[in-house]
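The values are calculated or read from the model by the stated rules, or taken from the named source; none is laboratory data. Keep in mind that this is a model prediction, so the values were computed, not measured. Here the Cβ positions follow ideal geometry from the backbone for every residue, glycine too, while neighbour counts run over all protein chains shown. When the accessible area is computed, the model is the full protein with side chains, heavy atoms only, and any ligands, DNA or RNA have been set aside. Shrake-Rupley method; radii C 1.70, N 1.55, O 1.52, S 1.80 Å.
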Amino acid sequence: MSTTTPTDSVSSDEQKTGPVRARRRHRFILMSGGAMLLIALVGGFVPQFRQRQTAAADTKELAIPTVVVVSPTATTPRSGLNLPAEVKPWQEASIFARVNGYLKDWLVDIGAHVEKDQLLAEIDTPDLDQQLAQARSQAVLAKKNLEQAKSTNTKWQELYKQGVVSQLDAENTDTSQGTNQANTEAFAANLRFLEQEVAFKRVTAPFAGIITVRNVNVGDLITSNNTSFEMFHIQQTDPLRVYFRIPQEDAANIAVGETFNVQVGAESAKTYPGKVISTSGAVSPDSRTMLVELQVDNSKNEVLPGSYAAVRVPQVALGKLVTLPDNTLIFRDKSVQVGVVDAKGVVQLRDVTVGRDFGVQSEILSGVTQSDKVIVNPSDSLTTGTTVRLAATPGPSAMPAASAKSDASAAATASVTAAPSAAPAVSAAPTASTTSGSSATPVPSATPIPSPTQR
């Protein structure tokens, strides 16, 4: 009989558990290595993933440009408005010749004050005089023939009633009378015409005024109805007409009867009151302005027609003046545009009409309102539909506070730097105060604070 000893059983158990332990150890090593590899992969992937997300978000943020906007300002000029004006005479006329001949004499020169119907010059018209004499003779002859025709017709009509002459002879005498009557009227009309023409030998003033032009001399050949040869030019200088143009926005504020100050001369401070007597009642499509006419008294002849003048439009007669900085305007092709940002941050390019230029600002006649947000310094690539972000506008106290903070920190730094040389034993005091958060009021280095060890 075989017997199994305890030693043999133990060795057999060890032989069985040995491979199991080896497999377990190998499995543990694999699992540990896999876990460490997984941790390493996760540890390396997550930061990269977050970094990529951050970079994508930053790129998306940077793709939206940040712009600064301003709103149009509407103000009324406190000092009023000076507009260029044109001074013209109340009435003026160019005097031309109506008859042919030679200038016999001229009686007035430039600058002469003349009255209405005053004689200015005389024209010698020998041809016209001969025509007038002939016309008078023809008129006399025609009148005599008419008288004879009437007498003959009366007698023949009586003889026809008595049956002495035939009806045909009576009708002929009646027709002869009618013919002579027409000839007499024609010659009389020609005589009146020539008499009127002869009256134009005397060149007279059509109204009271000043002679400003004289282009004739004695013996000059005068041709009738020659509009290229002006004999005299006369102007009535009292009162005067002053014309100026008011912008379309202020045209509705101008009323007939208002009085504006008219300043004559570029450097003269003297002004004259001008009363509005009429307006054109329409805006010119070329300049978008309305023509206004003033009447200025010139009884002292101080103002010369044609002088440079300026009309002072007071503040009460002006409307709102809408302005924008010049760095908001976009000049493209033949139009001027601005970039307006809506509530969603989308840009819309609008055409605007620019008026007067005030240096750094320009008057905007149309295209924007006071509630619009206009981009400052727009880029050349700005287009309609672009999405932008509005820059944060710092508050009034933001910059002073920041500067105060920086000044305080600079002062604290200066005290910390200067402390070792001034008081080496207490150089830790500013650092301690800085650490404790009391650096808002820097402590002067001349009054050192005892250290905790000294207390």
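Structural remarks
- Where residue 117 falls short, out of the listed (1) under 16 Å from residue 196 (Cα atoms); (2) assigned to a helix (DSSP H, G or I): (2)
- Matching strands (runs of 3 or more DSSP E) fully within the range 232-288 where at least 1 residues are under 22 Å from the mean Cα position of the chain (by Cα) and more than 30 Å from residue 208 (Cβ to Cβ): 232-247, 271-283
Every residue, every condition in (1) in contact (Cβ under 8 Å) with a residue 60 or more places away in the chain; (2) exposed (fewer than 12 other Cβ atoms within 10 Å of the Cβ); (3) in contact with a Ser or Thr (Cβ under 8 Å, 6 or more places away or on another chain), yes or no:
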{"position": "184", "(1), (2), (3)": "no, no, no"}
{"position": "198", "(1), (2), (3)": "yes, no, yes"}
{"position": "220", "(1), (2), (3)": "yes, no, no"}
{"position": "228", "(1), (2), (3)": "no, yes, no"}
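- Qualifying residue in the range 382-389 (condition: in a loop (DSSP other than H, G, I, E, B), modelled with pLDDT under 90 and loosely packed, with under 11 Cβ neighbours inside 10 Å): yes
- Pairs linking a residue in the range 264-287 that is among the small types (Gly, Ala, Ser) to a residue that is open to solvent by 50 Å² or more (accessible area, probe 1.4 Å) and modelled with pLDDT of 90 or more, with Cβ atoms under 7 Å and 6 or more positions apart or on different chains, are 274/259; 274/295; 278/256; 280/291; 287/245.
- Test: residue in the range 195-210 that is within 17 Å of residue 123 (Cα to Cα) and either small (Gly, Ala, Ser) or over 60 Å from the mean Cα position of the chain (by Cα) (or both): yes
- The single residue among 248, 337 that is within 29 Å of residue 367 (Cβ to Cβ) and open to solvent by 60 Å² or more (accessible area, probe 1.4 Å) turns out to be 248.
- Filtered by the rule that a residue be under 15 Å from the mean Cα position of the chain (by Cα) and open to solvent by less than 30 Å² (accessible area, probe 1.4 Å), the range 340-365 gives 352, 362, 363, 364.
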